[in-house]
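Trainee: After the structure tokens below, expect a handful of questions from me.
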Amino acid sequence: MFFEPGSAWCYSLATDVVGAILEQACGQPLSVIVEKYVTGPLSMKDTTFHLKEKETKYLTQAYADKGSAVVARLMQAKDQVLLEGCGPIHYAPNRVTNLKAYRSGGSGMIGTAKDYLIFLEAIRCGGAPILSTDSVKLLTQDAIQNLGETAVGPGYGFGMGFAVIRDPSSAGTPRSEGSYDWGGVYGTKMFVDPQAGLSVVMLTNTALEGLTGSFSIELTQAIYDAR
């Protein structure tokens, strides 16, 4: 244990653990559970853990940052990219066609921007038909208000599902207090701003630029400038 519960906060693989717990509790693979309770009720037909080989034509080519170079490089079958402060992130873009690949509660699903937006809009609008309003509050409200700065950076707290804006000025964002976001290490980013009535999905095929680079920051600013 790193610290007494409630005395500090640390980013972890907790969501992966929750996925394993769900499999044990339900006696079913995580893919079946997710389809039954999330993607099925929301008609997210293009979101899954695995694709058949013939379906890979719909996938974009994965790219990786190339140090300080402007042009990214093609990602290899087994690759790694350095995430500052965390070390190397390991990648295997072809795992989506491997039916034996581990179904993770915290990563590994593929889908479309349209499907992702359907999910976020369900959360923004109260959770139906997949969650209660109380569950949505747990996911989206700052659960660690009395604790210090999180790994996400200044101005952020953390809920059970997302990073949450405490102070837009400190976070350096035009988004409203209470808006929430997260991203993926293959180059995705999303945010929901309930006050502004916005749900935004940004899918790129470049790691880590799409997650931590200037692209999502500049696009977010452009969205608010246009309002």
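Read-outs throughout are calculated quantities, based only on the coordinates presented, and are distinct from any laboratory measurement. Here the structure is a predicted model, which is why all the values come from computation and not from measurement. Cβ atoms come from the backbone with ideal geometry, glycine included; neighbour counts cover every protein chain shown.
Trainee: Semi-axes of the equivalent ellipsoid of segment 23-96: what are they in whole Å, largest first, if each equals the square root of 5 times a C-alpha gyration tensor eigenvalue?
Mentor: On the way: eigenvalues 192, 58, 26 Å².
Square roots of five times the eigenvalues give 31, 17, 11 Å.
Trainee: Connecting C-alpha atoms closer than 10 Å in a GNM of the chain, tell me which of Tyr63, Tyr37, Tyr11 has the biggest fluctuation.
Mentor: Comparing Tyr63, Tyr37, Tyr11 in a Gaussian network model of the chain, the most mobile one is Tyr11.
Trainee: So how strong a dipole does segment 1-150 carry about its Cα centre when Lys and Arg Cβ are +1 and Asp and Glu Cβ are -1, to the nearest 20 debye? Mind dumping the intermediate values first?
Mentor: Working: 14 positive and 15 negative charges, 140 e Å.
Around 680 debye, computed over segment 1-150.
Trainee: So how much slack lies between Lys114 and Ser12, counting 0.36 nm per residue of separation and subtracting their Cα-Cα distance, in nm?
Mentor: Numbers: separation 102, 0.36 × 102 = 36.72 nm, distance 2.83 nm.
That works out to 33.9 nm of additional length.
Trainee: On to the next question. So, in the chain, how many Lys pairs have Cα atoms under 19 Å apart, if the pair is 8 or more places apart or on different chains?
Mentor: For the chain, the number of qualifying lysine pairs is 10.
Trainee: A follow-up question, please. Taking Cα centroids, how far is segment 212-227 from segment 175-192 in Å?
Mentor: Value for the Cα centre distance between the two parts: 12 Å.
Trainee: Taking the beta-carbon count within 10 Å as an exposure proxy, list Glu23, Glu149, Glu84 from fewest neighbours to most. If you can, show how the numbers build up before the last one.
Mentor: Working: Glu23 17, Glu149 13, Glu84 7.
Exposure proxy ranking, most exposed first: Glu84, Glu149, Glu23.
Trainee: Hey, another quick one. What is the sum of charges around Gly178, taking Lys and Arg as +1, Asp and Glu as -1, for the other residues whose C-beta is under 13 Å from the C-beta of Gly178? Please list the in-between numbers first.
Mentor: Values: positive: Arg124, Lys137, Arg166, Arg175; negative: Asp142, Asp167, Glu177, Asp181, Asp193.
Net charge around Gly178: -1.
Trainee: Then there is this: List every residue whose amide H lies under 5 Å from the amide H of Met75, counting only residues 5 or more places away in sequence or on a different chain, with H placed 1.01 Å from N in the peptide plane.
Mentor: Ala62, Tyr63, Ala64
Trainee: Further question on the same structure: Hey, how many Å between the Cα centroid of segment 149-167 and the Cα centroid of segment 108-123?
Mentor: One Cα centre to the other: 21 Å.
Trainee: Using the Kirkwood radius over Cα pairs, work out the Stokes-Einstein diffusion coefficient for segment 50-93 at 10 °C and 1.306 mPa s, in µm²/s as a whole number. Write down the numbers at each step before the final one.
Mentor: Values: Rh = 12.0 Å.
Approximately 132 µm²/s, per Stokes-Einstein.
Trainee: Just to be sure I understand, if you calculate Rg and Dmax of the Cα atoms in Å for this structure, which of [x] 18.4, 59; [y] 17.9, 51; [z] 16.6, 47 do you get?
Mentor: After the calculation, the listed value that fits is [y].
Trainee: Separate question: Taking neighbour Cβ counts within 10 Å as the exposure measure, how do Arg227, Arg166 sort from fewest upward?
Mentor: Listed from fewest to most nearby Cβ atoms, that is Arg227, Arg166.
Trainee: With springs connecting C-alpha atoms under 10 Å apart, model the chain as a Gaussian network and identify which of Pro154, Pro88, Pro174 has the largest mean-square fluctuation.
Mentor: Between Pro154, Pro88, Pro174, it is Pro88 that shows the largest mean-square fluctuation.
Trainee: Please report, largest first and rounded to whole Å, the three semi-axes of the ellipsoid equivalent to segment 106-206, where each semi-axis is the square root of five times an eigenvalue of the C-alpha gyration tensor. Write out the running numbers ahead of the final one.
Mentor: Numbers: eigenvalues 85, 59, 34 Å².
One finds semi-axes of 21, 17, 13 Å for segment 106-206.
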